[in-house]
1. With respect to D311, determine if the residue is among the charged types (D, E, K, R) and closer than 28 Å to K129 by Cβ.
2. Condition test on G55, is it modelled with pLDDT of 55 or more, surrounded by 10 or more Cβ atoms within 10 Å (Cβ to Cβ) and more than 23 Å from the chain's Cα centre (by Cα)?
3. Tell me which residues, restricted to region 175-191, are in a loop (DSSP other than H, G, I, E, B) and touching a Ser or Thr at 6+ places or on another chain (Cβ under 8 Å).
4. Can you name the condition, by its number, that E31 falls short on among (1) closer than 30 Å to G152 by Cα; (2) modelled with pLDDT under 85; (3) open to solvent by 50 Å² or more (accessible area, probe 1.4 Å)?
5. Select from region 220-233 the residues that are open to solvent by less than 60 Å² (accessible area, probe 1.4 Å), among the hydrophobic types (A, V, I, L, M, F, W, C) and more than 15 Å from G257 (Cβ to Cβ) and list them in ascending order.
6. From the list Y214, Y276, Y251, which one is within 26 Å of the chain's Cα centre (by Cα) and among the aromatic types (F, W, Y)?
7. Since V286 meets every condition but one in (1) within 30 Å of E120 (Cβ to Cβ); (2) among the aliphatic types (A, V, I, L, M); (3) exposed (fewer than 15 other Cβ atoms within 10 Å of the Cβ), which condition does it not meet?
8. Return the pair list, or none, for Cβ contacts closer than 9 Å from residues in region 267-283 that are among the β-branched types (V, I, T) to residues that are part of a strand (DSSP E or B) and open to solvent by less than 100 Å² (accessible area, probe 1.4 Å), at least 6 apart or on different chains.
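The values are calculated or read from the model by the stated rules, or taken from the named source; none is laboratory data. All figures in this text were calculated on a predicted structure; none of them were measured in a lab. Neighbour counts are summed over all protein chains in view; Cβ atoms, including those assigned to glycine, are modelled from backbone coordinates with ideal geometry. For the accessible areas, the whole protein counts, side chains as well, though only heavy atoms, and no ligand, DNA or RNA atoms are used. Shrake-Rupley method; radii C 1.70, N 1.55, O 1.52, S 1.80 Å.
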Amino acid sequence: MNTETIKFYDGKTVNAQAFGAYISEIAKTRENKLINADIYTADKSVNDTFANSTGNIYAVLPILGNFKGKAQNYDGVTDLEKGKGVDTYFYGITSYGRALVGGEHDYANEIAGKKVDFREHLAKRMGEKWVDIREDTLISIINGMYSSTADGADVFAREHTLEVASIEETSLNDASQKALGDKDFNGNGLILSIMNSKIANNLRNKKLLEYMKYTDENGMERNSNLAQWGDKLVLVDDSITTIKVGETTKYMTYGIGGGAFIKNEDLPVEVPFERYRNPYEKGGKVDLINRERRVLHPKGFSFLKKNVVTDSPTDEEFADGANWGLAKSSNLDSPEFYPHQLIPIVRIISSEA
């Protein structure tokens, strides 16, 4: 390549002689398997609470529990004792907002060539970046759940974690049974696992992954690229499945059930998207601005709002265990906490792939 024909302007590479089109796109390296998984549910009470009022950013909502009355002997002689009502739990739930801003200068577009529009490319990449941002928030929430010691959350963290030297054939089943007990067997268990590629490769080498099949247009049965570990769908994503403990890398393998998180993506935003032009900066610049407000909340948990600076928690604040606890009963003198066995989330920490 003749470096004399290459000109760098505003971070863009442009062929100054031929005004060659800037068409090469860097491949996106992050898979976003977790945020796109089928682990969410809508909740009418949450939707109704947040959808109709732009000022409603935090709410305390009830959960109706079970009736714990005991059978009494009806013999025509013994007086019946007064009964109790249905248990009621309550939990705090918050909305949060995020904004994303990108900009391109006029001159960069003009020298790039007629077939190139950096702003169109920017808009596309910003759309992809939103998926990363949402997944970062989800991981922060999971980390906050596991780092909390308030309101029964320490029991959740202990019972929903399995530490092993390496992942074996039964590891996910063992973690699920430890966390969920009999709920693991009655349709409320895990539906997927998300793991590091080294873990997945180890399972593949042991022939423990079975690839789902499909029928092609010629009627031939073929393997898809979707794998199952036992009856659990396997998602592979290296970006969110390792942690550093000192100098040691440890692997985080998650198991998550359907409906584990409440999600509402339709909170009102006054101006969700706008285009802002500054004619002065370097001869002209256009900024693209996106805004959104959402609810993303783990069922069974309460957002305590104990260490939050503004109305919209940051990812760092979502990851702060001080802000999370289990939902608890309305009997504040002797509260009961939401049964952790009903929260279909587990993690396996392994020191070897």
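1. Considered against the rule, which asks whether it is among the charged types (D, E, K, R) and closer than 28 Å to K129 by Cβ, D311 comes out as yes.
2. Against the criterion (modelled with pLDDT of 55 or more, surrounded by 10 or more Cβ atoms within 10 Å (Cβ to Cβ) and more than 23 Å from the chain's Cα centre (by Cα)), G55 does not qualify.
3. G189
4. All conditions pass for E31, except number (1).
5. Scanning region 220-233 gives a single hit, A227.
6. Answer to the selection: Y251.
7. (3)
8. Correct list of pairs: V269/G97; V269/R291; V269/E292; V269/R293; V271/I289; V271/R291.
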